[in-house]
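Undergrad: This structure is in structure tokens; I'll ask about it shortly.
The values are calculated or read from the model by the stated rules, or taken from the named source; none is laboratory data. Because the structure is a prediction, the values reported are computed rather than measured. When we count neighbours, we look across all protein chains shown, and the Cβ atoms used for this are built from the backbone with ideal geometry, even at glycine.
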Amino acid sequence: MTDNIERLVGAMPGTRGLLFGIMEFCREAKEPAQVDAYVTEQLQFYTSVHSPVEFRSFLEKAGALDFLPAEAPEDGADELEEAGTDGQRDSDDATGGTDAAEEKVYATDFPVDEDGFLIPAPERAGLWQTSEQGRAYLAGIDYQKRFDELLSADPPLSGIYYLILELCSDEPQSIDELDAQLKAPLAAVGSKKHAGFFVELLEGYDALKWEKKWKTTTVGRELLAARKEE
């Protein structure tokens with residue numbers, strides 16, 4: 001049920017954190033403008049050519065987000081009735097009858113302009129909410145297991161990963177700041193690696209995120225807390 005979501009996340013590793021963030025943000029139903037404002041704010045920390053509308057569409061196509069249409073106002077019913085049966089008949093003739101299946105249209109199905117930018121459809125009235133599949137996908141991620149696999153790949157360096165999470169938890173750090181603070185610990189374990197090596201892996205494991213500097217995520221803090229409990 002969540003395979004399409006996994007494929008989407010795998011196809012967009014550079015915005016993995018943003019995709020997860022949108023799903024978390026939409027656990028409670030949100031207006032389109034709220035979702036787009038959140039995505040716009042977060043995009044300053046990612047390299048992406050995609051718009052907020054496209055991110056919504058990607059997640060909807062993958063089954064991670066549901067669109068909840070707004071109910072039509074009751075006073076609009078009379079207007080539709082006044083439009084007459086001729087309009088309905090014309091519509092039926094064009095589509096092959098009222099039973100014809102309506103093809104679902106997504107933001108990414110629309111054409112682009114001469115510069116390659118999306119020409120979006122008129123905004124649909126309704127709310128966006130994380131789907132059951134999206135919630136199941138998020139709940140199914142075993143962050144501790146994934147992180148243990150990373151640490152087991154090179155056990156002598158496991159303390160370095162935790163140290164970086166600790167440093168970036170107290171205060172966001174730049175790469176230069178991390179390099180300066182990791183120089184002695186890395187020398188102690190005989191490693192010539194630099195902070196960038198560890199930071200890139202920690203970001204891929206959802207433990208660090210970039211917000212002008214490197215910052216420990218909620219996942220990273222939970223990993224730290226679990227270690228302290230051991």
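Undergrad: Looking only at region 130-177, how many residues end up being farther than 30 Å from P32 by Cα, free of Cβ contacts under 8 Å to residues at least 40 places away in the same chain and part of a helix (DSSP H, G or I)?
TA: 16
Undergrad: Within region 137-168, which residues are surrounded by fewer than 18 Cβ atoms within 10 Å (Cβ to Cβ), under 24 Å from the mean Cα position of the chain (by Cα) and among the hydroxyl-bearing types (S, T, Y)?
TA: If the condition is that a residue be surrounded by fewer than 18 Cβ atoms within 10 Å (Cβ to Cβ), under 24 Å from the mean Cα position of the chain (by Cα) and among the hydroxyl-bearing types (S, T, Y), then Y143 is the only one that fits.
Undergrad: Additional query: Give the residues of region 191-230 that are more than 20 Å from the chain's Cα centre (by Cα) and without any contact (Cβ under 8 Å) to a residue 40 or more places away in the chain, sorted by residue number. Outline the logic, then answer.
TA: Initial filter on region 191-230 (more than 20 Å from the chain's Cα centre (by Cα)): 191-198, 223-230.
Of everything in region 191-230, those that are more than 20 Å from the chain's Cα centre (by Cα) and without any contact (Cβ under 8 Å) to a residue 40 or more places away in the chain turn out to be S191, K192, K193, H194, A195, G196, F197, A225, K228, E229, E230.
Undergrad: A follow-up question, please. Any idea which of (1) touching a helix residue (DSSP H, G or I) at 6+ places or on another chain (Cβ under 6 Å); (2) loosely packed, with under 14 Cβ neighbours inside 10 Å is the one G134 doesn't satisfy?
TA: For G134, the failing item is (2).
Undergrad: Among the residues of region 36-51, are any at pLDDT 95 or above and touching a strand residue (DSSP E or B) at 6+ places or on another chain (Cβ under 9 Å)?
TA: Yes: one or more hits.
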